[in-house]
Amino acid sequence: MAKYFKKDLVSNQETLDIVLAQYQRYDRTYNIDKSHYHMIPSDFSPIVNPVGFAPGFNFKINRDTYIACVPGVPSEFSSMLEQEIIPFVKKNLSLG
């Protein structure tokens, strides 16, 4: 996505906070030097992953268009869609 939208891949503090909370929740240690879940394209916003470690992210393309990127693991995708993306869309986009 960074390449497609010509954005730099950057360390994002909000994303890092989400990742650290998930790792702590599962009593695991996140190694910032070996994992890159905290890196997202600049100008993108993180999406919480309620059941896994890798967060998703979204990007506002224009007033009524967002793109959401989430892990492909079915349980993570489904949870993120139901708990994060659909509520975000209902709150932020005109559904006509």
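The values are calculated or read from the model by the stated rules, or taken from the named source; none is laboratory data. Keep in mind the model is a prediction, meaning the values are calculated, not measured. Cβ placement follows ideal geometry from the backbone for every residue including glycine, while neighbour counts extend to all protein chains displayed. Areas reflect the complete protein model, heavy atoms only, side chains present, ligands, DNA and RNA absent. Shrake-Rupley method; radii C 1.70, N 1.55, O 1.52, S 1.80 Å.
With a ≥ b ≥ c taken as the square roots of the eigenvalues of the C-alpha gyration tensor of segment 16-55, please select rounded if a/c is under 1.5 and otherwise prolate if a/b is larger than b/c or oblate if it is not?
Judged from the Cα gyration tensor, segment 16-55 comes out oblate (a/c at least 1.5, b/c at or above a/b).
Take segment 46-96, compute every pairwise Cα distance, and split them into 10 Å bins from 0; I just need the percent in each bin.
27, 53, 20, 1
Subtract the Cα-Cα distance of D27 and R63 from 0.36 nm times their separation in residues, and report this length gain in nm to one decimal.
Full-extension gain reported as 9.0 nm.
Considering lysine pairs in the chain that are 8 or more places apart or on different chains, how many have Cα atoms under 19 Å apart? The partial results should precede the final answer.
Numbers: K3/K60; K6/K60; K7/K60; K60/K90; K60/K91.
Total qualifying Lys-Lys pairs in the chain comes to 5.
Size of the dipole of the chain about the Cα centre, Lys and Arg at +1 and Asp and Glu at -1 on the beta carbon, nothing else charged, in debye to 20?
Around 240 debye, computed over the chain.
List the residues, sorted by chain then number, that are 5 or more residues from Y66 or on another chain and whose placed amide H is less than 5 Å from its amide H.
Excluding prolines and chain starts, which carry no amide H, the hits are I61.
So, with a 1.4 angstrom probe, what is the percent of accessible area on the chain that is carbon and sulfur? Write down the numbers at each step before the final one.
Values: 3290 of 6420 Å².
Here carbon and sulfur together make up 51 percent of the probe-accessible area.
Out of every Cα pair in the chain, what percent are spaced more than 19 Å from each other?
43
If you roll a 1.4 Å probe over the heavy atoms of the protein chains, what accessible area per residue do you get for the chain, in Å²?
So the chain comes to 67 Å² accessible per residue, rounded to a whole number.
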